[in-house]
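Before any comments, here is the structure.
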Amino acid sequence: MTKTRAKLFALITLVIALSACGWREGGQPTPPGGESSITVYPNTANVHVSQSILLQATVFNPGSTSGAVTWSLSGAGCSGTTCGTISSIGLDHGFYTAPASVPSPATVTVKATYNSMSASATITILAAVVVSEKWTWVSGSNTGTQMGTYGTKGTAALSNVPGARERAVSWIDSQGNLWLFGGDGFDSGGTFDLLNDLWKYDPITLEWTWVSGSNTVHQTGTYGTKGVADPSNVPGARSGAASWIDSQGKLWLFGGVGYASLGNNWLLNDLWKFDPTTLEWTWVSGNDIGKQAGTYGTKGTADPSNVPGARYSAVSWLDSSGKLWLFGGWGYDSGNIDGELNDLWEYDPATLEWTWVSGTSSIDQTGIYGTLGTADPSNVPGGRHDAVSWIDPQGKLWLFGGWGYAPGGSIGGRLNDLWEYDPATLEWAWVSGSNVFGQNGTYGIQGTADPLNVPGARSLAVSWLDSQGNLWLFGGGTDYGDLNDLWKYDPTTLEWTWVSGSDIGNQPGTYGTKGTAALSNVPGARERAVSWIDSQGNLWLFGGTGIDSAGYWGPLNDLWQIR
């Protein structure tokens with residue numbers, strides 16, 4: 001058993017133990033009187049044919065007895081595997097997979113039993129949704145906590161694969177190659193910590209290449225001379241950085257949390273450029289030590305001395321003129337105090353100057369939302385980290401969710417607000433979602449756009465922009481677990497569509513056959529993954545921390561494509 005899976009079983013044991021004290025996932029109360037009882041979450045659910053759902057039993061006041069919950073399955077219109085299958089995971093989780101065809105009637109009962117107590121969930125089996133998008137499991141493992149197979153640096157091989165990781169960064173180049181850097185993950189020896197390895201994936205040959213950096217964790221940066229490329233230069237190991245790729249195919253990397261030139265694990269504000277032709281890194285801007293305050297200068301005015309403060313989990317964009325944009329994250333403000341940031345920056349690679357464009361130079365600012373759908377110079381999103389971003393064909397910057405501050409309070413939470421920023425007018429507009437944190441999603445009918453649909457509050461999701469200008473959103477973390485729902489937003493109609501995945505959290509992946517697209521395939525619920533979109537409009541997803549094909553939670557190294 002891996003260490004991560006051992007931790008999962010320890011967590012499950014803790015759940016049952018805490019239930020004796022009245023705790024239950026999701027904050028639901030213990031039944032009055034302190035009597036022993038058992039519940040199942042969710043107690044009702046819809047599952048499409050051949051897809052799976054993870055159920056959790058919670059035992060209240062188990063007394064002196066101990067042991068695992070047992071699971072059983074029955075249906076009025078089915079028997080045996082025609083009802084599906086149910087298996088136990090750990091002490092209190094049940095893994096249900098629906099049959100390949102819908103029984104009549106289309107409901108089954110899943111029962112959890114603990115000693116003499118039992119509780120059940122009613123599962124309605126639905127026919128497959130007819131959608132044009134299909135997921136394909138392309139590379140990596142369908143189980144978590146995998147170490148990296150690096151091979152020889154600079155040499156592609158089918159056996160090469162990055163280790164499971166979270167909070168990495170990604171780029172895609174003009175030849176359609178996918179690039180991946182760093183994060184928290186497993187190195188070649190199976191040690192989990194901060195990485196600084198750079199990888200390239202070729203979708204034509206299906207091969208990974210270890211390009212730069214180390215195959216072991218805990219590496220400090222080699223900065224060299226600012227502005228001068230050198231074969232020995234390399235950023236230190238880090239996670240939660242921001243990234244771009246410019247029109248010349250150069251890869252850009254900013255900040256995160258990790259190792260600068262010293263051996264301290266700190267927030268960073270260094271800006272790097274990698275040339276895939278020369279295979280050389282250049283330290284471009286920022287500091288070679290961590291925990292640096294921002295130098296904001298005058299809002300709207302570029303200056304060589306301006307620089308954003310050290311931060312991680314910011315979001316980024318690249319505009320059509322080649323300018324780099326950076327928003328928010330958790331980091332240091334102008335007074336060198338760390339917290340949630342809402343500052344918007346622009347970097348010009350031609351002049352090597354940063355400009356503070358919008359937001360404040362202080363942490364923990366609440367949002368000013370104004371009127372839904374109306375741009376205003378006074379509007380501004382609140383400080384936040386772990387949001388997602390897009391830039392549309394008109395050059396507008398888009399921002400969704402994350403963990404941060406809505407209006408009128410000093411307590412932050414997960415958000416589902418969608419914002420648009422116009423660099424021409426310098427105005428933000430609140431476009432969709434709520435100005436209150438902790439909102440549930442409204443899913444509607446899968447595959448059908450509706451003005452009432454909206455994803456629930458989340459952080460640590462991933463995003464894409466397709467060739468038609470639609471915004472795509474996948475997964476992320478909520479207050480009650482991780483998600484694997486895929487959403488599409490049409491900026492023309494202002495409508496969200498729930499495209500794929502589950503409307504229930506903590507669901508396992510259905511991998512199918514590697515390399516084969518299928519309607520039943522779907523990545524498991526996850527957060528802290530990375531994404532790409534290729535020139536054919538296919539969406540790509542890699543890793544993160546989430547739930548694998550067996551229902552176990554941990555870091556992942558699976559590569560997916562949806563087309």
Checklist outcome for this item: Contour minus Cα-Cα span, Ile533 to Asp422, at 0.36 nm per residue, comes to 37.7 nm
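Counting pairs of alpha carbon atoms under 8 Å apart in space and at least six apart in sequence, what relative contact order in percent does segment 198-252 give? Provide the component values of the computation, followed by the final result.
Details: 50 pairs, mean separation 12.0, N = 55.
Once divided by the residue count of segment 198-252, the mean separation gives 22 percent.
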Next on the checklist: Contact order normalised by length for segment 374-455, with contacts defined as Cα pairs under 8 Å and 6 or more residues apart; what percent is it?
Outcome noted: 26
Item to check | Within the chain: Cβ-based charge dipole about Cα centre, in debye rounded to nearest 20 (Lys, Arg +1; Asp, Glu -1) | outcome: 1380
Checklist entry - Taking Cα pairs under 8 Å and at least six residues apart, what relative contact order does the chain come out at, in percent? => result 12
Checklist entry - Quick one: if the Förster radius is 41 Å, what FRET efficiency do Ser467 and Thr295 give, using the C-beta to C-beta distance and rounding to 0.05? => result 0.60
Item to check | DSSP bridge pairs, the chain: antiparallel proportion in percent, nearest 5 | outcome: 95
Item to check | Two-site FRET efficiency, Ala350 against Ala68, from Cβ-Cβ distance with R₀ of 45 Å, rounded to 0.05 | outcome: 0.10
Checklist entry - Can you give the net charge of the other residues whose Cβ lies under 14 Å from the Cβ of Ser188, counting K and R as +1 and D and E as -1? => result -1
Next on the checklist: Which order do the peptides 74-83, 411-420 come out in when sorted by mean C-beta neighbours inside 10 angstrom, highest first?
Outcome noted: 411-420, 74-83
Next on the checklist: Output wanted: per-residue J couplings in Hz (rounded whole) for segment 413-419, from phi through Karplus 6.51 cos²θ - 1.76 cosθ + 1.60, θ = phi - 60°, x for Gly and Pro.
Outcome noted: x, 7, 10, 9, 7, 10, 10
Checklist entry - Over the Cα atoms of segment 441-554, Rg to Rh with Kirkwood Rh, two decimal places? => result 0.95
Checklist entry - What are the principal axis extents of the Cα atoms in segment 363-517, in Å, biggest first? => result 51, 35, 25
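Could you grab the Rg to Rh ratio for the chain? Cα atoms only, Kirkwood for Rh.
Result for the chain is an Rg/Rh of 0.98.
Each value in this text was obtained by applying a stated rule to the coordinates, not by laboratory testing. The structure displayed is predicted, hence computed values, not measured ones. Backbone-built Cβ (ideal geometry, glycine too); neighbour counts: all protein chains shown.
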